[in-house]
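Accompanying notes for the structure given below.
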């Protein structure tokens, strides 16, 4: 089986997400980790509403009411928390 061109482009990102989930599960094994498929702004709203404890996001330059913690440089991802 061969991946399509689109799948080949997506594969590194999908692997990075899975690595992050596994890392989170090792750090806090008693805390459930749920992947939520939603646009960044929708996830931010769910954090604000208390429906999510934290979220990973890309392309978030400035958020005044949530704490933004950069997780790595060179990419565009960070962890957003309601604290």
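What follows is calculated from the coordinates using simple rules that are stated; it is not laboratory data. If you're wondering where the values come from, they're calculated on a predicted model, not measured in any experiment.
Here are a few things to note about the model shown:
- If you model the chain as an ellipsoid using its alpha carbon gyration tensor, with each semi-axis the square root of five times an eigenvalue, the axes come out at 24, 16, 13 Å, biggest first.
- Crossing angle, helix 5-27 versus the chain [Cα axis fit, 0-90 degrees, rounded to tens]: 50 degrees
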